[in-house]
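Shown next, in structure tokens, is the structure this report addresses.
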């Protein structure tokens, strides 16, 4: 049975650990931010957190120290006239990252609604904005 659960919430990234028979949550970053997804990279052991900041844009953060710090962050979208929500992410066998999210953009006073797919690798995230 697992002794650690990674949790993304509207209040940040949490790691819930079982110690002495009790589960205890620990804030692991992004305090006050909506975190839609958090997982451990099976190849590197790093933590990935996917944040859906609505009009601030969807972004991805990576931690290599169990969430003590999030050294790398990159926006997936940073369109000032847009709104981006509900991101989901998966890693392919080749190591590439695939992300889908809702994509609402205002063009000529009309809101365009869609889903968007992006494909990238860890180095792209580490390069930052």
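Since every read-out is calculated from the coordinates, none of them should be taken as a lab result. In this text, all values refer to a predicted model and were calculated from it rather than measured experimentally. Using ideal geometry, Cβ is built from the backbone for each residue, glycine included, and neighbour counts are taken over all protein chains shown.
The figures follow:
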{"item": "In nm, spacing of pseudo-spin labels at residue 98 and residue 120 (7 Å Cα→C-beta vector)", "result": "1.8"}
{"item": "Average Cα contact separation per residue, the chain, under 8 Å, 6 or more apart, as relative contact order %", "result": "16"}
{"item": "Burial order of peptide ranges 43-50, 104-111 (average beta-carbon count within 10 Å, highest first)", "result": "43-50, 104-111"}
{"item": "Mean Cβ count within 10 Å, highest first, over the residues of peptides 84-93, 5-14", "result": "5-14, 84-93"}
{"item": "Protection-proxy order for peptides 27-38, 67-78, each taking the mean of Cβ atoms within 10 Å per residue, highest first", "result": "27-38, 67-78"}
{"item": "Three-way shape call for the range 15-65 based on the alpha-carbon gyration tensor, with the a/c threshold at 1.5", "result": "oblate"}
{"item": "Extension reserve of the residue 106-residue 65 stretch, reckoned as 0.36 nm per residue once the Cα distance is removed", "result": "10.9 nm"}
{"item": "Candidates 63, 83, 114, ranked by Gaussian network fluctuation over the chain, Cα under 10 Å, top entry", "result": "114"}
